[in-house]
Amino acid sequence: MHPLIPIGLMLMVASLVVSGYDIFRTIREGREPERRLRSFLISAALLIGGGILVIIGLVQG
């Protein structure tokens with residue numbers, strides 16, 4: 001297995017962690033929309049980056 005595949009999968013898991021943390025904080029504290037958007041963009045970037053790394057790893061491997 002190419003080393004980029006586990007790294008990409010870890011980034012995808014990090015995306016889930018960021019998203020879950022955002023949901024937890026929103027439920028407890030009622031966060032404002034601009035903070036939720038920033039967290040969403042970070043989560044989306046991690047997910048897309050992880051997907052790209054997995055694809056590169058599959059093509060290279």
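Solvent-accessible area per residue for the chain at a 1.4 Å probe radius, Å²?
Roughly 74 Å² per residue, with all protein chains present.
Among (1) 15, 13, 11; (2) 29, 10, 4; (3) 33, 30, 9, only one was calculated for this model; which label is it, if the read-out is semi-axes √(5λ) of the Cα gyration tensor in Å?
(2)
How much length would be gained if the chain were fully extended between His2 and Ala45, taking 0.36 nm per residue of separation minus their Cα-Cα distance, in nm to one decimal?
13.3 nm
Counting helices only, and only those DSSP H runs with n ≥ 4, report the 222 nm mean residue ellipticity of the chain as the sum of -39,500 (n - 2.57) divided by its residues, in deg cm²/dmol to the nearest 500.
-31500 deg cm²/dmol
What ³J(HN,Hα) values, in whole Hz, does the Karplus curve 6.51 cos²θ - 1.76 cosθ + 1.60 give for the stretch 18-33 when θ = phi - 60°, with x put for Gly and Pro?
Ordered by residue, 3J(HN,Hα) equals 4, 5, x, 5, 5, 5, 4, 5, 5, 5, 6, 10, x, 5, 6, x Hz.
Val59: accessible area at probe 1.4 Å, nearest 10 Å²?
Taking all protein chains as shown, Val59 has close to 110 Å².
If I compute solvent accessible area with a 1.4 Å probe over the protein chains, what percent of it on the chain is carbon and sulfur?
About 73 percent, which is the carbon plus sulfur part of the accessible surface.
Report the full-extension gain for the segment Arg25 to Ile56: residue separation times 0.36 nm, less the Cα-Cα distance, to one decimal in nm.
In short, 7.8 nm is gained.
The values are calculated or read from the model by the stated rules, or taken from the named source; none is laboratory data. Please read these numbers as outputs of a predicted model, since none were measured by experiment. Areas reflect the complete protein model, heavy atoms only, side chains present, ligands, DNA and RNA absent. Shrake-Rupley method; radii C 1.70, N 1.55, O 1.52, S 1.80 Å.
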